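J.: Please read through the structure below; I'll follow up with questions.
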Amino acid sequence: MSLPPLVEPAAELTVEEVRRYSRHLIIPDVGMDGQKRLKNAKVLCVGAGGLGSPALMYMAAAGVGTLGIIEFDTVDESNLQRQIIHGQSDIGRFKAQSARDSVKEINPLVEVVLHEERLDNDNVMEIFSGYDLIVDGTDNFATRYLVNDAAVLLGKPYVWGSIYRFDGQASVFWAEHGPCYRCLYPEAPPPGMVPSCAEGGVLGVLCASIGSIQVNEAIKLLAGIGEPLVGRLMIYDALEMQYRSVKVRKDPNCALCGENPTVTGLIDYESFCGVVSEEASAAAAGSTITSKQLKEWIDNGEPIDIIDVREINEYEIVSIPGARLIPKNEFLMGNALQDLPQDKRIVLHCKTGVRSAEVLAVLKSAGFADAVHLGGGVIGWVNQIEPEKPVY
Ligand SMILES: [Zn+2]
């Protein structure tokens, strides 16, 4: 299925533009007409992180006339392993500004519009309506559903991508011509089931593999060339080095773009996706301790057993003194419970306190009534108690 171009061509290219884009202009399918369409295009990139970095850089180089960047975060050292639009001297700067400077360095002809705020229900419709196309580089489910729903409600296409460890996915969602994200994933995964990149890691170069697919699709949609990834899901396995594409059909029962939609406006995405499960937040209520409290217990020689529920790789990067490792899954599968001491209070911790809250719920229902977990996890511990240790 080929689709008409999203954008009308600009009146003309300047001499400078003809020189700059000559390798595009001599491709028959792009040519002068395609390049003029790119010049006229307004594309919004949601996030200037792992996917946003290569996406923004290649769209800038390709001559997309206006690039919007929505991003509220600042550059952290741990971003630089994959977020190549930022550099060492950008640490601590706002990502949106750092990204703008890189875009301008690559191509000063691009107009950059910054939206230095968190995308939410109050601003999404107004921001999206100023653009022809959205490139989604978000890393959490709540924002992903927000992007999808706003795009569908506004009748706009968007290019979606996601990355985790060695696995990537990409697609183009455009309800007018094919499925939306909800047709593919009607429900957000249960909280704690799908770890974020911060919890589970991501191979840096995977961002380039998926981000470049997103730009490729953006260019095709803007210029109206080729077969867009509408109704198809691209699945990339970097370890096996395999790309597969599977058909995704529009779901007639889709809550948003189906025949009898039940979602007719923006919803509460945080609660739709549930940051932590109800069981976990119930277990954590009144059973969450601070890093200072844990430090006191350790210093006073209190009878406690500190259990780190992360994975071995994470444990090797940084750990709390005296903590022993029993990964979360050992608890979920029921293997770890019989080895727990009955005469010591159990203190669970993970990276930030999400996984440990899930395990706490398991322990509480198994009768460990006085078990607690560390709010903020090892990251909070390092920040408050051992700032010389690395965080990740
Ligand atoms: Zn749908």
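The values are calculated or read from the model by the stated rules, or taken from the named source; none is laboratory data. Everything quoted here is computed from the prediction, not taken from an experiment. Positions of Cβ are generated from backbone atoms using ideal geometry, with glycine treated the same way; all protein chains shown enter the neighbour counts. Surface accessibility is based on the protein's heavy atoms, side chains included, excluding ligands, DNA and RNA. Shrake-Rupley method; radii C 1.70, N 1.55, O 1.52, S 1.80 Å.
J.: May I ask you to list the GluC sites (Glu not before Pro) in region 286-392 that are in a DSSP loop and have at most 10 other Cβ atoms within 10 Å of their Cβ?
T.: Of the GluC sites (Glu not before Pro), the ones in loops of region 286-392 whose Cβ has at most 10 other Cβ atoms within 10 Å are GLU388.
J.: Any chance you could run the full-extension gain for ILE385 through SER245? It's 0.36 nm times the residue separation minus the Cα-Cα distance, nm to one decimal.
T.: Computed gain between ILE385 and SER245 is 45.6 nm.
J.: Accessible area per residue for region 222-283 in Å², computed with a 1.4 Å probe and the full protein assembly in place, what is it? Intermediate results must be reported in sequence, preceding the final value.
T.: Values: 3750 Å² over 62 residues.
Each residue of region 222-283 exposes 60 Å² on average to a 1.4 Å probe.
J.: Relative to the longest principal Cα axis of the chain, at what angle does helix 354-365 sit, 0 to 90 degrees, rounded to 10?
T.: Helix 354-365 and the main axis of the chain meet at about 40 degrees.
J.: Report the Stokes-Einstein translational diffusion coefficient (µm² s⁻¹, integer) for the chain, Rh taken as the Kirkwood radius over Cα pairs, at 25 °C with viscosity 0.890 mPa s.
T.: Here the translational diffusion coefficient equals 107 µm²/s.
J.: Dipole of region 231-388, Cα-centred, from +1 at each Lys and Arg C-beta and -1 at each Asp and Glu C-beta, to the nearest 20 debye? Walk me through the intermediate numbers first.
T.: Numbers: 15 positive and 23 negative charges, 115 e Å.
It comes to approximately 560 debye.
J.: Farthest toward the dipole's positive end in the chain, which of VAL75, LEU294, PHE166, given Cβ charges of +1 (Lys, Arg) and -1 (Asp, Glu) about the Cα centre?
T.: Farthest towards the positive pole: PHE166.
J.: Take every Cα-Cα distance within region 101-181, group them into 10 Å bins from 0 onward, and report for each bin the whole-number percent of pairs it holds.
T.: 16, 44, 33, 8
J.: Output ³J(HN,Hα) for region 93-99: one whole-Hz value per residue in order, computed from phi by the Karplus curve 6.51 cos²θ - 1.76 cosθ + 1.60 with θ = phi - 60°, and x for Gly and Pro.
T.: Along region 93-99, the couplings run 7, 5, 4, 4, 6, 4, 5 Hz.
J.: Turning to a different aspect of this structure: Please determine, in degrees from 0 to 90 and to the nearest 10, the orientation of helix 141-154 with respect to the longest principal axis defined by the Cα atoms of the chain, where the helix direction is its Cα long axis.
T.: Long axis of 141-154 versus the principal axis of the chain: about 30 degrees.
J.: Roughly to the nearest percent, how much of the accessible area of region 178-328 is carbon and sulfur, given a 1.4 Å probe? Kindly include the intermediate steps, with their values, before the conclusion.
T.: Details: 4010 of 7570 Å².
Solvent-exposed carbon and sulfur of region 178-328 make up 53 percent of the total.
J.: Using Cα-Cα distances under 8 Å and only pairs 6 or more residues apart, what relative contact order does region 174-267 have, in percent?
T.: 34
J.: Using helices alone, I'd like the mean residue ellipticity at 222 nm for the chain: each DSSP H run of four-plus residues gives -39500 (n - 2.57), total over residue count, nearest 500.
T.: My calculation for the chain gives -10000 deg cm²/dmol from helical runs alone.
J.: I would also like to ask the following. So what's the gap between the Cα centers of region 157-189 and region 335-392, to the nearest angstrom?
T.: Answer, in whole Å: 34.
J.: Who wins for biggest fluctuation among GLY226, GLY68, GLY49 in a Gaussian network model of the chain, springs between alpha carbons below 10 Å?
T.: GLY226
J.: Using the Cα gyration tensor of region 145-287, with a ≥ b ≥ c the square roots of its eigenvalues, what is the shape: rounded (a/c below 1.5), prolate (a/b larger than b/c) or oblate (neither)? Let's see the in-between values first.
T.: Values: a/c = 2.30, a/b = 1.20, b/c = 1.91.
Oblate, because a/c is 1.5 or more while a/b does not exceed b/c.
J.: How large a share of the accessible area of region 1-105, in percent, is made up of carbon and sulfur atoms when the probe is 1.4 Å and the other protein chains stay in place?
T.: Within region 1-105, the accessible surface is 51 percent carbon and sulfur.
J.: Still on this model: Starting from the Cα gyration tensor of region 1-154, take the square roots of the eigenvalues, sort them a ≥ b ≥ c, and report rounded, prolate or oblate (rounded when a/c is under 1.5, otherwise prolate if a/b is larger than b/c, else oblate).
T.: Working: a/c = 2.15, a/b = 1.30, b/c = 1.66.
Here region 1-154 falls in the oblate category.
J.: Further question: In Å², what does the accessible area per residue of region 108-173 work out to with a 1.4 Å probe?
T.: 36
J.: What does the accessible area per residue of region 1-64 come to in Å², with a 1.4 Å probe and no ligands, DNA or RNA counted?
T.: Values: 2980 Å² over 64 residues.
Computed with neighbouring chains in place, this is 47 Å² per residue.
J.: Quote the charge dipole size of the chain about the Cα centre in Debye, to the nearest 20; the model charges only the Cβ of Lys and Arg (+1) and of Asp and Glu (-1). Don't skip to the answer; put the middle values down first.
T.: Details: 34 positive and 52 negative charges, 179 e Å.
Here the size comes out at about 860 debye.
J.: Using θ = phi - 60° and the Karplus curve 6.51 cos²θ - 1.76 cosθ + 1.60, what whole-Hz ³J(HN,Hα) does each residue of region 203-218 get, with Gly and Pro shown as x?
T.: 5, x, 5, 4, 4, 5, 4, 7, x, 6, 5, 4, 5, 3, 5, 4
J.: Hey, another quick one. Out of ALA62, ALA175, ALA198, any idea which swings most in a Gaussian network model of the chain, alpha carbons joined below 10 Å?
T.: Maximum among the listed residues: ALA198.
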